[in-house]
Amino acid sequence: FSLRVETVEMLGAEHLIHGSVAGHDAIVRTGPHDNPPHGAVLEIGLAPHSAHWFDASTGQRISAAGA
């Protein structure tokens, strides 16, 4: 996936990179060494068992059984 960076939250031991993938909001948790600039495009991958999915209309997390 290509993620366009909007902001980076520096939380000490980890960073949360906020951005968009194909027009959808996304947050990527990384180590403290990642600090991409606003507007950068990152190529990311994910392990499906490690991802958290949310219903866009309710904001509720979708369980693995319901995905």
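Computed from the coordinates I sent, volume of the Cα convex hull per residue in Å³ equals one of [x] 105; [y] 165; [z] 90. Tell me the label.
[x]
HN-Hα J couplings of segment 31-42 from phi, Karplus 6.51/-1.76/1.60, θ = phi - 60°, integer Hz, Gly and Pro as x?
Couplings: x, x, 7, 8, 8, x, x, 3, x, 5, 10, 10 Hz.
What is the set of long-range amide H partners of ALA40 at a cut-off below 5 Å, with H atoms built 1.01 Å from backbone N?
Distant-sequence amide H within range of ALA40: VAL5.
Using amide H atoms built in the peptide plane, which far-off residues or other-chain residues are under 5 Å from HIS15 H to H?
Answer set, sorted by chain and number: THR30, GLY31.
Spelling out what I want: for every residue of segment 13-28, take phi, set θ = phi - 60°, compute 6.51 cos²θ - 1.76 cosθ + 1.60 (Karplus), and round to whole Hz; glycine and proline get x.
6, 8, 10, 10, 9, 9, x, 9, 10, 6, x, 10, 5, 8, 10, 10
Could you tell me which of HIS49, PRO36, VAL21 has its Cα farthest along the dipole of the chain towards the positive end, charges placed at Cβ (Lys, Arg +1; Asp, Glu -1), taken about the Cα centre?
Selected residue: HIS49.
Test of understanding: what is the full-extension gain from GLU14 to THR58, defined as 0.36 nm times their sequence separation minus their Cα-Cα distance? Spell out each step's value before the answer.
Details: separation 44, 0.36 × 44 = 15.84 nm, distance 2.75 nm.
So the extension gain works out to 13.1 nm.
Bear in mind that the values in this text are calculations on the coordinates, not laboratory data. Note that this is a predicted model, so its numbers are computed, not measured. Methodologically, a virtual Cβ is constructed for each residue, glycine included, from the backbone with ideal geometry; neighbour enumeration extends over all protein chains shown.
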